[in-house]
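Here the structure is laid out as structure tokens; the discussion comes afterwards.
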Amino acid sequence: MENMGKPLAIDLYCGLGGWTDGLLAEGWDVIGFDIERHVYGDHRYPAQLVIQDVLTLHGSQFRNAGLIVASPPCQEYSYMAMPWTRAKAKAAAIRADKTGAELERLNRLFNACFRIQREACEAAGQHIPLIVENVRGAQPWVGPARWNHGSFYLWGDVPALMAAAHEVSKLYEGSGFGDPSVARNEHGWRLGKNSSHSASRKFASAMIAKIPLPLSRHIARVYCA
């Protein structure tokens, strides 16, 4: 990929483009990768989108990128963080697997980000920063995050100075996500057994999982300097 003019960022597991919104606003060119195209009415990914399984990517094709960002799916991590019998049993089974195969399966999407970064850096002959976002519940499985911005936890090349986390909370004011009587995942989405694959549920889940604009713009400014 040639990077002419504007700096190039790669958005892995891009969804509706929370990372990309901030990057575009700060003058980056962005290419997103996802296994499916998320389109919900007027809501869709806002930049060039490549439909491809991230696991099949090789980082050498990103040798000209200035930044890689990623938000691997968090559903399994969030589920196992819930106080449910089946959730606890699932976590216990992974820990009991002495071969490490189940842990490797669990973390395969997360680990792919760092493999891609390593391959990109080797091809570029220089370091290309990577920031991976996920939920707090990922920490027992992938190690402690370097920073969190509200419920959005960050791994990788996280800048030393981050935007104020209180800005995230503004996004949830009046949204109804504060009801403690409802079981929700760590990005605030209601968890339950019904309608898990409905279009409306997928849309709501994708919207809530979007990186907050103050966070994505802050990261974009830091690495565009």
Within the range 130-146, the residues that are buried (at least 19 other Cβ atoms within 10 Å of the Cβ) and either not β-branched (Val, Ile, Thr) or not in a helix (DSSP H, G or I) (or both) are 130, 131, 132, 133, 134, 135, 137, 138, 145
Taking into account only those residues within the range 1-40 that are free of Cβ contacts under 8 Å to residues at least 24 places away in the same chain and not β-branched (Val, Ile, Thr), which is farthest from residue 69 (Cα to Cα)?
4
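Name the residues in the range 32-77 that are in a strand (DSSP E or B) and of a type in the set (D, E, K, R), would you?
Taking the range 32-77 as the starting set, the residues that turn out to be in a strand (DSSP E or B) are 32-34, 39-40, 43-44, 48-51, 67-70.
Those that are in a strand (DSSP E or B) and of a type in the set (D, E, K, R): 34, 44.
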Residue tally, condition of a type in the set (A, V, I, L, M), in a loop (DSSP other than H, G, I, E, B) and crowded, with 19+ Cβ neighbours inside 10 Å, over the range 1-31
1
Within the range 72-83, restricting to residues that are surrounded by fewer than 19 Cβ atoms within 10 Å (Cβ to Cβ) and touching a residue at least 24 places away in the same chain (Cβ under 8 Å), the one that is farthest from residue 127 (Cα to Cα) is 82
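Could you please give the count of residues in the range 89-112 that are among the basic types (Lys, Arg) and either modelled with pLDDT under 95 or surrounded by fewer than 11 Cβ atoms within 10 Å (Cβ to Cβ) (or both)? Reasoning before the result, please.
Filtering the range 89-112 down to residues among the basic types (Lys, Arg) leaves 90, 95, 98, 105, 108.
Still in the running and either modelled with pLDDT under 95 or surrounded by fewer than 11 Cβ atoms within 10 Å (Cβ to Cβ) (or both): 98.
Total meeting the criteria: 1.
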Within the range 53-71, count every residue that is closer than 22 Å to residue 205 by Cα, buried (at least 21 other Cβ atoms within 10 Å of the Cβ) and either of a type outside the set (A, V, I, L, M, F, W, C) or without any contact (Cβ under 8 Å) to a residue 12 or more places away in the chain (or both).
1
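The values are calculated or read from the model by the stated rules, or taken from the named source; none is laboratory data. Here the structure is a predicted model, which is why all the values come from computation and not from measurement. Positions of Cβ are backbone-derived with ideal geometry, glycine not excepted, and every protein chain shown enters the neighbour counts.
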